[in-house]
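Single-structure report; data block below.
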Amino acid sequence: MTVASGRRVWTGSWVTARWDVQLRSDDSPVDVSVSDLLGIALRRNPRRTQLLVSTVLGKHVPTDPRLVWAAGRLLGALVAGRLGGSALPAELGGLLRAAIHGVSGAPAALLNAVGDPGGVGSGVVVLGYAETATGLGHAVADALPDCYYLHSTRRAVPGVHAVAGFEEEHSHATSHLLLPEDPGALIGTGPLVLVDDELSTGRTVRNTIAALHELSPRGRYVVAALADLRGPEDRVAMDRLAAELDASIDVVALASGEIRFPADPPPRNVRRSERYTAQTYGRSASIVLDGLWPLGLRDGGRHGYRRADREALQRQLPRLAARLNEVVTGPRVLVLGTEELMYTPLRLGIALAEVTDAEVLYSTTTRSPAMAVDDPGYPLRTMIAFPTAAGDRFGYNVAPGAGESRFDTIVVVTDTDAPDLLDAVAGCCDRLVVVPVPSYCPGALPEPLHGPQFGSYAADEVSWLLRDLSHVALEAPTEEREEAIQFGGGHYAESLPVEYVPSADYRRLFEKALAASAPRVATAVGVVTELVLARRGDAAVLVSLARAGTPIGILMRRWAQFAHGIDVPHHAVSIVRGRGIDPVALRWLARNHDPARVMFVDGWTGKGAIARELAAAVGEHAVTTGHAFGDDLAVLADPGHCVSIYGTRDDFLVPSACLNSTVSGLVSRTVLNDYLIGPGDFHGAKFYAELADVDVSGHFLDAISGQFPAVVDAVAAGLATPDDHEPTWRGWAAIERIGAEYGIGDVNLVKPGVGETTRVLLRRVPWRILARPGAGADIEHVLLLAAERGVPVEYVDGLAYSCVGLIHPHFSRGAVGATGRSASTGSTGSSAKPLVVCDLDRTLIYSAAAMGTDPPPVRCVERFGGVDASFMTVTAADLLRTLRRRSDFVPTTTRTREQYARISLPGRPARYAIVANGGHLLDGGVADLDWHRAVLARLTDCAPLAEAHDRLRRHAGDPWLRRERIAEDLFCYAIVDRELLPPAVLAELTGWYADRGWVLSLQGGKLYCVPRPLTKSAAAAEVARRTGADVVLAAGDSLLDTDLLEYADVAVRPAHGELDLVGWTRPGLLVTESAGVRGGEELLRVLLGEVAGYLSARA
């Protein structure tokens, strides 16, 4: 079969040799020609004889899926540039051309080089055309991450109203429907991007723009196509339409030019020359992976696709690919989509290519009938045809042509029952794997839940916009959940902690706190309710953020009844950090209430993460649905100064924070799990009816509302007191300071305030508790919980909150023990194992550029900006797993902590890691502050960092210096063009820095300037002391590794890199024979051999 990744003959040559077709290529922003992107076939369609067959689309020709996605994202980057983003890097054109022409490794390198999506803001709508450009439109949308994506469809969906439709006159099937789940998604003034595979006349695009402009006028349209082939008359017609609409219409394409076809059709002998032999082999073994596709993943953009949908797919792809890899066989695999279902199989194919040694290609079936000619100069060499209820469908190049190899495995990804397709494909391979993907169909909105069937609150107190998951076992031990959350094994909302049943002492403490604080809570309830009614009016609707906000919402509703006789509707919805507020719940609210009257309610603020999440989520929802909810949040207590509507800004004990479900209507924390919650479902939760005997939910509400008569004057005084209600976000700033001081890079692991600290102790793995001296009764329950769990409490003068809970960073049970407390740092337990200290970049892991042109199979170990950045060979990964079992393995790097955190090496996270060239020693992922202080003390004899950095910046205007950076306030480095860096300048700089106690090291495209006392060897010696190791093995490739290699008992370096360039050696040095990634494999074998010899000698 014809495969784009191996194309050598232009696949338009067969037609042009027999029909007088004229082709011209014009400008290309990525330096490719029209013939690079297109071949020519002949249709069986009286409206248009020719069929332009893309080499980068994966529709008719099996293509490397990484090339397909990269080409689409390149097109999206051009759109982003037109909308105000940055220009494309110049080298992308060469990579694209290399990938099209089959250069090994080029598709992966191209995808890696495309880079991060462009930031063009929200309000952008992207529309892809069915069927050919549904996947291409998705890829363009992926380059515009905050956009809303919709593709047209020719499939009528019962119960879904078409917002618009338009015609494609030349197509085999002409009518397009637009079926967004939220009709308001197409109503707006932001840019509209229209995506098709090629523009021949632009007539379809003009029809679309005219139809949608009538629906919702816009000032800007961008048309994106792989190839722009319009003639002068068609370009004038587009300009004329723009003038008529008083709008701008821009066109971007990877290549432009013109293909002129003769007025007369091809000669009869050409149209009758169809010849091919589809070689089949009998029915292959078939495996159907029912249930593989998670319920929560949309199949594509037929009814709309948002950022959250992209993120949901991204997080599930590794698991899906791993399962698929278990059942595919053989060296050649085809992932075959079906008609409009292009994007899902495309992404699945890319994910599979990352984990298998097989060659993975991608294409889809189509409804377009065309001639097949088994000739290398023709793009459609074979055809399979099969009937469906909607007519005949076709698959091109699925069966092999003459002289071609068949696919060993074909993975059919389908959203319909297609037995005839499976019969046709089964004869073209040894193994057929079927992945059914349910086609999402918007239906009626779900109904709310009420007590006593769900929750212990009365039905009129709250309606829960949640799905009942009480029948599902979701609880997991706290330590197991923490490890999964921090190491990519799951999001905190995908499971539940084991529900905490309070001890008798803790229940007595709760009662004491409730009695003491009830008047204070009641006053805050009254103040915040009055502020809400002033802002939203008597028709206000309270929507509490389950579950901490729900008892507060009920109390506010009771205050409105008490003080004003108003029955305020109250609903509870789910919001999940990093995933946003439940969009189905928002649609339900918009259908049943005026969004302008809705006020979201929570219990308290910590650092304001949920306030930010809410603002972002309702903003995106407004853009994509037209439902304009307010993004203000009302809370009982705002110690973080994050909102403008609050009852108090004191950080005090709200008794409902002391407990979990037993003070919140016996309802669990909310759940968002892709295998349980579908696109049309509310988020879920459980009702713990079995805890009714210890339920104090009603008792808490009654104790607070019973104080209402007594606090009327206090509420009035609170409202009359002048107060600056504007958020200052001082809590967020305080948390960033705490994170920096304690070496915690993720602010989500710092939980400020009494309420959040309580949650840490009840649900997560606490590392330590910070407390403000004199906080007294407000943190009494925190101190009790900390004592029960063995968590240290550290008193901090001037703390901005009464207390702060720190979750253990990079928690793993192996590193810190099942309790979450740091394991002993003494010299016991690991003395029998040798210590292996290994550099990372270009020693153990390699960028795409450093892998060479024909690397062995690799696996990704670092993703940055959504793309693969660093790799190990599959063999090296297996060797490393073995080495880590037999030794105490310590990664070491000049990278910063943030850069190191992106790396995911095979196996469990190492307990110790040396980063910033020894400036930081990580223990269980946490920077050792005492070590860092000792390092800083050693640097006082060197020239200061500011002087070293200034010397480097003197070359800011030189062509070899691209940019310079300061790392961890310890050293500086520059991104350089090595070819332009004069040797004399490098020598001069080396001497200047040496005179001031600094070392210069050129590694790849980076020039490091590092203080001489800042060494990896000092940190390695400290780790050896702590582990009790009596032998140290080390490996590295750069001048900054020399001190480490000198220190080690056994030193290994690869036959490449800076040390190899200068011929560095030492007594007993072991040097690999191979270079590059194969040198990395050999280096690990050497280390394993040395470790085996050492262990054998000890035995």
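The values are calculated or read from the model by the stated rules, or taken from the named source; none is laboratory data. As the structure is a computational prediction, the values presented were derived from the model and not from experiment. Every residue, glycine among them, receives a Cβ derived from its backbone with ideal geometry; neighbour counts consider all protein chains shown.
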> Can you name the residue in the stretch 506-524 that is among the basic types (Lys, Arg) and either modelled with pLDDT under 90 or in contact with a Pro (Cβ under 7 Å, 6 or more places away or on another chain) (or both) and, of all such residues, is surrounded by the most Cβ atoms within 10 Å (Cβ to Cβ)?
Replying inline: ARG507
> Mind checking which residues of the stretch 617-637 are outside any strand (DSSP E or B) and aliphatic (A, V, I, L, M)?
Replying inline: ALA617, VAL618, ALA622, VAL623, ALA628
> Out of (1) free of Cβ contacts under 8 Å to residues at least 12 places away in the same chain; (2) under 27 Å from the mean Cα position of the chain (by Cα), the odd one out for ASP746 is which?
Replying inline: (1)
>> Suppose we keep only residues that are in contact (Cβ under 8 Å) with a residue 24 or more places away in the chain and under 18 Å from ARG332 (Cα atoms) within the stretch 388-403. Which one would you say is farthest from the chain's Cα centre (by Cα)?
In response: ALA402
>> I'd like to know if the stretch 996-1015 contains one or more residues that are touching a helix residue (DSSP H, G or I) at 6+ places or on another chain (Cβ under 7 Å), touching a residue at least 24 places away in the same chain (Cβ under 8 Å), part of a loop (DSSP other than H, G, I, E, B) and more than 22 Å from ILE966 (Cα to Cα).
In response: no
> When the stretch 464-505 is examined, which residues are found to be surrounded by 17 or more Cβ atoms within 10 Å (Cβ to Cβ), modelled with pLDDT of 75 or more and part of a helix (DSSP H, G or I)?
Replying inline: ALA493, GLU494
> Hey, among the residues in the stretch 658-690 that are over 32 Å from the mean Cα position of the chain (by Cα) and among the aliphatic types (A, V, I, L, M), which one's modelled with the highest pLDDT?
Replying inline: LEU666
>> When the residues of the stretch 1043-1081 are narrowed to those that are touching a residue at least 40 places away in the same chain (Cβ under 8 Å) and aliphatic (A, V, I, L, M), which ends up farthest from GLY918 (Cα to Cα)?
In response: VAL1077
> Residue check, SER644 against (1) in contact with a strand residue (DSSP E or B) (Cβ under 6 Å, 6 or more places away or on another chain); (2) more than 21 Å from SER463 (Cα to Cα); (3) surrounded by fewer than 23 Cβ atoms within 10 Å (Cβ to Cβ), all met but one. Which one?
Replying inline: (1)
> With respect to VAL1023, is the statement that it is in contact with a Leu (Cβ under 8 Å, 6 or more places away or on another chain) and not in a loop (DSSP other than H, G, I, E, B) true?
Replying inline: yes
> For the stretch 638-653, what are the residues that are in contact with a helix residue (DSSP H, G or I) (Cβ under 9 Å, 6 or more places away or on another chain) and part of a loop (DSSP other than H, G, I, E, B)?
Replying inline: ASP638, PRO639, GLY640, HIS641, CYS642, VAL643, SER644, ASP650, ASP651, PHE652, LEU653
>> Could you check the stretch 329-352 and list, in sequence order, the residues that are out of contact with any Asp or Glu (no Cβ under 8 Å at 6 or more places or on another chain) and outside any helix (DSSP H, G or I)?
In response: LEU334, VAL335, LEU336, GLY337
>> Quick check on my filter: what residues within the stretch 593-616 are modelled with pLDDT of 90 or more, over 20 Å from PRO752 (Cα atoms) and part of a helix (DSSP H, G or I)?
In response: PRO595, ALA596, ARG597, ALA615
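Per-residue answers, yes or no, for (1) surrounded by fewer than 18 Cβ atoms within 10 Å (Cβ to Cβ); (2) modelled with pLDDT under 95; (3) not assigned by TED's automatic domain parsing to the domain that holds HIS60:
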site: ASP357; (1), (2), (3): yes, yes, yes
site: VAL360; (1), (2), (3): no, no, yes
site: SER363; (1), (2), (3): no, no, yes
site: ASP375; (1), (2), (3): no, yes, yes
site: PHE386; (1), (2), (3): yes, yes, yes
site: ASP420; (1), (2), (3): yes, yes, yes
site: CYS428; (1), (2), (3): no, yes, yes
site: PRO442; (1), (2), (3): no, yes, yes
>> Just to be sure I understand, how many residues within the stretch 24-43 are closer than 15 Å to PRO379 by Cα and either out of contact with any Asp or Glu (no Cβ under 9 Å at 6 or more places or on another chain) or of a type in the set (Lys, Arg) (or both)?
In response: 6
>> Could you check the stretch 535-569 and list, in sequence order, the residues that are touching a Lys or Arg at 6+ places or on another chain (Cβ under 7 Å) and part of a helix (DSSP H, G or I)?
In response: ARG536
>> The conditions are (1) under 30 Å from SER35 (Cα atoms); (2) out of contact with any strand residue (DSSP E or B) (no Cβ under 8 Å at 6 or more places or on another chain), and THR388 fails exactly one of them. Which is it?
In response: (1)
> Could we say that GLY128 is modelled with pLDDT of 95 or more and assigned by TED's automatic domain parsing to the domain that holds PRO267 here?
Replying inline: yes
>> Against the condition farther than 30 Å from GLU690 by Cβ, under 35 Å from the mean Cα position of the chain (by Cα) and in contact (Cβ under 8 Å) with a residue 60 or more places away in the chain, how does PRO438 come out, does it pass?
In response: yes
> Applying the selection to the stretch 81-104, what residues are at pLDDT 80 or above and under 24 Å from the mean Cα position of the chain (by Cα)?
Replying inline: GLY81, LEU83, GLY84
> Given GLY401, GLY395, which one is in a strand (DSSP E or B), surrounded by 21 or more Cβ atoms within 10 Å (Cβ to Cβ) and small (Gly, Ala, Ser)?
Replying inline: GLY395
> Of the residues LEU1045, LEU1000, which is surrounded by 23 or more Cβ atoms within 10 Å (Cβ to Cβ) and not assigned by TED's automatic domain parsing to the domain that holds THR894?
Replying inline: LEU1045
> If you go through the stretch 539-552 one residue at a time, do you hit one that is buried (at least 24 other Cβ atoms within 10 Å of the Cβ), at pLDDT below 95, in contact with a Gly (Cβ under 7 Å, 6 or more places away or on another chain) and among the aliphatic types (A, V, I, L, M)?
Replying inline: yes
> Where residues in the stretch 530-547 are touching a helix residue (DSSP H, G or I) at 6+ places or on another chain (Cβ under 8 Å) and without any contact (Cβ under 8 Å) to a residue 40 or more places away in the chain, which of them is farthest from ASP650 (Cα to Cα)?
Replying inline: ASP538
> Yes or no: ARG730 modelled with pLDDT under 90, closer than 25 Å to ALA513 by Cβ and among the basic types (Lys, Arg)?
Replying inline: no
> For ALA321, all conditions in the list (1) under 30 Å from PRO906 (Cβ atoms); (2) in contact with a Lys or Arg (Cβ under 8 Å, 6 or more places away or on another chain); (3) surrounded by fewer than 24 Cβ atoms within 10 Å (Cβ to Cβ) hold save one; what is the number of the exception?
Replying inline: (2)
>> If I filter the stretch 451-463 for residues that are among the hydrophobic types (A, V, I, L, M, F, W, C) and at pLDDT below 95, do I get at least one hit?
In response: no
